[in-house]
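The values are calculated or read from the model by the stated rules, or taken from the named source; none is laboratory data. Because the structure is a prediction, the values reported are computed rather than measured. Here Cβ is always computed from backbone atoms with ideal geometry, including for glycine, and neighbour counts include all displayed protein chains.
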Amino acid sequence: MTHAPTEHPAVPEGSTLKKKSIYRQAWFWLLGILLLIILISVLISVVVGGNDSSGASVSGEATGKAVDAPAGPAFPGQQEGDIVAEAWQTITLDQVAITTTPLYDGRSVGSTPVVCSTVVIVDNGDGAVSFDGGLDWTLQNPAGVARGTIPGGTDTLLDSGELAPGGAVARDVCFDDTAGAPGRYALIYQPASSLSGDRAVWLSTR
């Protein structure tokens, strides 16, 4: 006895289209979620990176008017209006951008040990700017004793001169380091030609 073949009921065309539509919606939402996760990750990276204070350069500003409170890291004898930064950082004082290196051992003058810093001065203003390696710079040692520059230590000492707008000079300032005490040194720039009295200070640990 033979049986007639069993026929499967036809699947309505609308049902197939509905399944395809569901698949498309699922892929769409999955892709949207992945993009959202990536976007959140990027935003977190940007925010964290923007708040990182370990960068190599940070600028300060002074325009001839003292700020209300000392800025940056503190040091003994800090004055109101001082703009303080770590060595390698740039400070802009009256449209003059100055960058200094950490202190390093210069060539001794006789039996006197010497420390030096290389300074870069850029005139970003509209007028000429005077500079003086002998009068504009002092170094305060960890004991709080400040000394002026000495005529020795390197062959490329910062002398005196004038920078035209857009001009730059990179030279060394050197100091007597007889005490040689370890600790925080404050390299102080106070241009003799400035009437504001503001100072730029870079801290360097030895």
Number of the condition not met by SER57 [criteria: (1) surrounded by fewer than 17 Cβ atoms within 10 Å (Cβ to Cβ); (2) modelled with pLDDT of 85 or more; (3) touching a strand residue (DSSP E or B) at 6+ places or on another chain (Cβ under 6 Å)]: (2)
Single match in GLY144, GLY153, GLY166 (criterion: within 22 Å of the chain's Cα centre (by Cα) and more than 13 Å from PRO191 (Cα to Cα)): GLY166
Test result for ALA192, modelled with pLDDT under 95, part of a loop (DSSP other than H, G, I, E, B), in the same structural domain as PRO76 (by TED's automatic domain parsing) and in contact with an Asp or Glu (Cβ under 7 Å, 6 or more places away or on another chain): yes
Among the residues listed as SER111, SER117, the single one being free of Cβ contacts under 8 Å to residues at least 40 places away in the same chain and over 16 Å from LEU163 (Cα atoms): SER111
Matching residues, the range 127-178, being farther than 19 Å from SER194 by Cα, among the small types (Gly, Ala, Ser) and surrounded by 12 or more Cβ atoms within 10 Å (Cβ to Cβ): ALA146, GLY152, GLY153, ALA170
The one condition in (1) surrounded by 18 or more Cβ atoms within 10 Å (Cβ to Cβ); (2) small (Gly, Ala, Ser); (3) assigned to a loop (DSSP other than H, G, I, E, B) that SER204 fails to fulfil: (3)
